[in-house]
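Colleague: My questions will all concern the structure given below.
The values are calculated or read from the model by the stated rules, or taken from the named source; none is laboratory data. Not measured: the values here are computed from a predicted model. All Cβ positions, glycine included, derive from the backbone under ideal geometry; neighbour counts span all protein chains shown. Areas reflect the complete protein model, heavy atoms only, side chains present, ligands, DNA and RNA absent. Shrake-Rupley method; radii C 1.70, N 1.55, O 1.52, S 1.80 Å.
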Amino acid sequence: MAGLRLGPLLRYVDGSSATVWVETDRPGTVEVRCAVGPGGTAGTFQIAGHHYALVHVTGLAPGTSTPYEVFLDDARVWPSAEEPYASLPPSVIPTPAPDARTRVAFGSCRWAAPPTGEPDPVGPDALDALARRIAADPDGARPDVLLLLGDQVYADETSDATRAWLAARRDLDDPPGAQVADYEEYTHLYYESWLDPQVRWLLSTVPTCMIFDDHDVIDDWNTSASWVEDMRATAWWRERVLSGLMSYWVYQHLGNLSPAEAGADPLYASVREAADGTDALRAFAAAAEADATAVRWSYRRDFGRVRLLMVDSRAARVLEEGRRSMLDRAEADWLREQALEGRDSYDHLLIGTSLPWLLPHLVHDVEAWSSALCRGDKGARWARFGEKLRRAADLEHWAAFPESFGELAELIAEVGTGPGAPATVCVLSGDVHHAYVAEPSWPDGAGPDSRVVQLTCSPVHNSIPLSIRLGFRLGWGGGARLLGRVFARHGRLGRPPVGWRRTGGPWFGNQLMTLTADGRSAVLRLEHARADEAGARLTRVTETRLSR
C-alpha cells in the first residue's frame, strides 16, 4: 500500500483516547480521522531510514466503537481499497464503558504465517482465526485487549522466505548465519509477521499489549552470567542485541505506553525532535544491554476493575551467581508497589510474565536443582555440569530463580489476603508450547482469600513436537513428581514455599485463552485454531468459572 508500510496498530485505549501506531514509507504528518469529531495527528520520526508515528486520538466517548481512517499528508492510506482489506469491516477504536465487563485474550509464541495460499507447516494461526471471527460478526463479542506474551518475532528461527531474503543481503556462512543480524533485518521480521492481511486488520481494530521473551532476541536470552559473557565475546552479538532492543522499543514497547507516559518519555521526545533518532535510540539500547536497572520495560494497565502488571522476566534479571534474581531490586519493588496500590480499586489482578511461575513439578525441581549446582553448592565439577544442563534444557524459568519464585508467592499471598482482596490473582504466561491451569496451595491452609491461578497459553502459531507433548504429559504425572524430589534431595533443596496442582490441561495446539471479568466474576475460555474450507476458525476446548 502506497504510503503505509506497516500498521495501523491500535495500541493503548481508555474511555476517551487511544494511540495508533504506523510505519510509513516517507516522512510526513500522520492523521487519524474518526467518522465523527475526534481524531489526532503526529509527525513521523526516523530510525535507521524507517519512518514511524504514534498518533494520540482524543475526544472519544466511553462505550463506543468508532470507525477511523489514516491519512499521510492528507492522502488516505488506510483502509485499503485492495483485497482482502476491501472486504473486511472498518477498523474501529472501541472504548470501554464504565463498569463494563472486560475480555482479555492472551497467548504467546507466534511464528509468522506463510503467504496466503501456501501450506502452513505448523497449522492454522489462532490470530487469523480470531480475525475471521470478529470480521464475520463485527458487533459481536470481541476481546477488549489482546496480550501478546512474548516471541512476537523469531530472530533465531527464520522462515525459508526470510532466509532467502537474508542470503540476498549477505553471506549466510558468516555468523549469525540465517538468524537476523541488524535493525534492517528485524524490520523484515515484523513485516513478515504483521503484514499477514487478517492479522494486520485484527491489530488495527483490537487494542494490544506486548512484552518480549527470548526469541524476540535469541533463544535462552540472559540465561546466566556466563551465557552473557560468552555471547559478548562473539563478533556479531552486540549488533544483534542492540538491534533487538531498538526494534522492540519501536515496534512493541512504545505502543504499550499511555499518552501521558509517552509524553513524559525523554527518549520519545528525543527521537521526535531529531532529524534522525537512530543514535539516541542506539545509545538507549546500549545502556539497557549493559545495565538491567537502566530501563524499565515492565508496565501497568488498568481496564476498569481489572489491573494488568506486565512484567519483564528477561532483561530485568540479576545473573551473578549467589545473587541470581528474576527481577532486580528496583523492578521487584515496582511490582510490589503496583500490586498493592489502591488494592480496593480492582477486582482482578493479572500478572503477565512470559515465563510461567508454576511449572510441572519435575521441571520445577530440575530447574531449582540446576540453580543450586550452578551456585557451586556441590562443587566446581557439578557447577560446570549444571551450567551445561541449564543451557541445553532451557532451565531458566521462575523455578531457576528460587528466591524470586518465593518472593512472588509472598506478594501474591499479601495482595490476595484481607479486606479489599481481589476476587482473583492470575499469572498469565506462555513460552512452553502447551496450555494448562495450575493452582497453588500454601502450607497449613494459610493461603490468600483470592483465587490464585497460573494460566499458561502457548503457542499462538508454532510447532509442537512430539517430544514436547510427551515430555509435558509425563512431567505433570505423579511418577515425575517423585523423580523430581530425587533431584531436590541431591541439591539439598527445601520444599518450595507453595505447593500446586494442575487443574486443567495439558492442551496442545495453536490456541488462545480469554479471561472475561464482570464485577468479581471471572470466566476462563480456551480455544484452539482449526482449519476448514473457509480458513482458520476458533473452537472452544474448555470453559471454567474462576470466581462468582
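Colleague: Limited to the stretch 112-157, what total is found for residues that are polar (S, T, N, Q) and either crowded, with 24+ Cβ neighbours inside 10 Å or modelled with pLDDT of 95 or more (or both)?
Modeller: 1
Colleague: Follow-up question, since we're still on this one. State yes or no: is Ala181 in contact with a Lys or Arg (Cβ under 7 Å, 6 or more places away or on another chain), over 30 Å from Arg300 (Cα atoms) and hydrophobic (A, V, I, L, M, F, W, C)?
Modeller: Yes.
Colleague: Scan (1) assigned to a strand (DSSP E or B); (2) in contact with a strand residue (DSSP E or B) (Cβ under 7 Å, 6 or more places away or on another chain); (3) open to solvent by 40 Å² or more (accessible area, probe 1.4 Å); (4) over 17 Å from Pro143 (Cβ atoms) for the single condition Ala531 breaks and write down its number.
Modeller: Only one criterion in (1) assigned to a strand (DSSP E or B); (2) in contact with a strand residue (DSSP E or B) (Cβ under 7 Å, 6 or more places away or on another chain); (3) open to solvent by 40 Å² or more (accessible area, probe 1.4 Å); (4) over 17 Å from Pro143 (Cβ atoms) is unmet by Ala531, namely (2).
Colleague: Here is a list: Ala86, Ala61. Which entry is part of a helix (DSSP H, G or I) and either in contact (Cβ under 8 Å) with a residue 40 or more places away in the chain or open to solvent by less than 60 Å² (accessible area, probe 1.4 Å) (or both)?
Modeller: That would be Ala86, the only listed residue that is part of a helix (DSSP H, G or I) and either in contact (Cβ under 8 Å) with a residue 40 or more places away in the chain or open to solvent by less than 60 Å² (accessible area, probe 1.4 Å) (or both).
Colleague: Please determine whether any residue of the stretch 25-35 is touching a residue at least 60 places away in the same chain (Cβ under 8 Å) and not in a strand (DSSP E or B).
Modeller: The answer is no, given that none of the residues of the stretch 25-35 is touching a residue at least 60 places away in the same chain (Cβ under 8 Å) and not in a strand (DSSP E or B).
Colleague: Let me ask you something else. Which condition does Thr234 not pass, out of (1) open to solvent by 30 Å² or more (accessible area, probe 1.4 Å); (2) modelled with pLDDT under 95, if it passes all the others?
Modeller: (2)
Colleague: Tally up the residues in the stretch 177-209 that are surrounded by 23 or more Cβ atoms within 10 Å (Cβ to Cβ), among the aliphatic types (A, V, I, L, M) and within 25 Å of Asp394 (Cβ to Cβ), please.
Modeller: Number of matching residues: 1.
Colleague: Still on this structure, I have one more. Looking only at the stretch 70-83, decide whether some residue is under 27 Å from Leu267 (Cβ atoms), small (Gly, Ala, Ser), open to solvent by 10 Å² or more (accessible area, probe 1.4 Å) and touching a residue at least 12 places away in the same chain (Cβ under 8 Å).
Modeller: Within the stretch 70-83, none of the residues are under 27 Å from Leu267 (Cβ atoms), small (Gly, Ala, Ser), open to solvent by 10 Å² or more (accessible area, probe 1.4 Å) and touching a residue at least 12 places away in the same chain (Cβ under 8 Å).
Colleague: Follow-up question, since we're still on this one. Considering each residue of the stretch 300-319, count those that are outside any loop (DSSP other than H, G, I, E, B) and closer than 15 Å to Thr353 by Cβ, and give that number.
Modeller: 7
Colleague: Now for a separate question. Name the single residue that is nearest to Val311 (Cα to Cα) among those in the stretch 342-377 being open to solvent by 30 Å² or more (accessible area, probe 1.4 Å) and in a helix (DSSP H, G or I).
Modeller: Arg343
Colleague: Please determine, by comparing only the residues of the stretch 501-538 that are of a type in the set (Ser, Thr, Tyr) and under 23 Å from the mean Cα position of the chain (by Cα), which one is farthest from Arg473 (Cα to Cα). Break it down into steps so the answer makes sense when it comes.
Modeller: Within the stretch 501-538, the subset of a type in the set (Ser, Thr, Tyr) is 503, 514, 516, 521.
The next check asks that each one be under 23 Å from the mean Cα position of the chain (by Cα); those that pass are 514, 516.
Working: Thr514: 23, Thr516: 28 Å.
Among those that are of a type in the set (Ser, Thr, Tyr) and under 23 Å from the mean Cα position of the chain (by Cα), it is Thr516.
Colleague: Let me ask another. Just one of the numbered conditions (1) open to solvent by 10 Å² or more (accessible area, probe 1.4 Å); (2) part of a helix (DSSP H, G or I) is not true of Asp171; which one?
Modeller: (2)
Colleague: Would you check which residues across the stretch 313-342 are of a type in the set (A, V, I, L, M, F, W, C), within 13 Å of Ser224 (Cβ to Cβ) and over 21 Å from the mean Cα position of the chain (by Cα) and list them?
Modeller: The one that is of a type in the set (A, V, I, L, M, F, W, C), within 13 Å of Ser224 (Cβ to Cβ) and over 21 Å from the mean Cα position of the chain (by Cα): Leu319.
Colleague: Going by the structure shown, is Ala97 out of contact with any Lys or Arg (no Cβ under 7 Å at 6 or more places or on another chain), open to solvent by less than 10 Å² (accessible area, probe 1.4 Å) and either aliphatic (A, V, I, L, M) or under 30 Å from Leu308 (Cα atoms) (or both)?
Modeller: no
Colleague: Out of all the residues in the stretch 400-407, is one or more charged (D, E, K, R), in a helix (DSSP H, G or I) and surrounded by fewer than 22 Cβ atoms within 10 Å (Cβ to Cβ)?
Modeller: Yes, that holds for at least one residue.
Colleague: Still on this structure, I have one more. Would you mind telling me which numbered condition in (1) at pLDDT 95 or above; (2) open to solvent by 10 Å² or more (accessible area, probe 1.4 Å) Ala161 fails?
Modeller: So the condition that Ala161 fails would be (1).
Colleague: Quick check on this structure: which one of His188, His253 is touching a residue at least 24 places away in the same chain (Cβ under 8 Å) and either among the small types (Gly, Ala, Ser) or in contact with a helix residue (DSSP H, G or I) (Cβ under 7 Å, 6 or more places away or on another chain) (or both)?
Modeller: None of the others qualify; the one that does is His188.
Colleague: Now a separate question. Would you point out which residue out of Ala380, Ala339, Ala285 is open to solvent by 10 Å² or more (accessible area, probe 1.4 Å) and either among the aliphatic types (A, V, I, L, M) or free of Cβ contacts under 8 Å to residues at least 24 places away in the same chain (or both)?
Modeller: That would be Ala380, the only listed residue that is open to solvent by 10 Å² or more (accessible area, probe 1.4 Å) and either among the aliphatic types (A, V, I, L, M) or free of Cβ contacts under 8 Å to residues at least 24 places away in the same chain (or both).
Colleague: Pick from the stretch 320-333 the residues that are part of a loop (DSSP other than H, G, I, E, B) and in contact (Cβ under 8 Å) with a residue 40 or more places away in the chain: which of them is most open to solvent (accessible area, probe 1.4 Å)?
Modeller: The qualifying residue most open to solvent (accessible area, probe 1.4 Å) is Glu320.
Colleague: Moving on to the next point. Considering only the stretch 102-158, state which residues are among the acidic types (Asp, Glu), more than 23 Å from Thr456 (Cα to Cα) and out of contact with any His (no Cβ under 9 Å at 6 or more places or on another chain).
Modeller: Glu118, Asp137, Asp139
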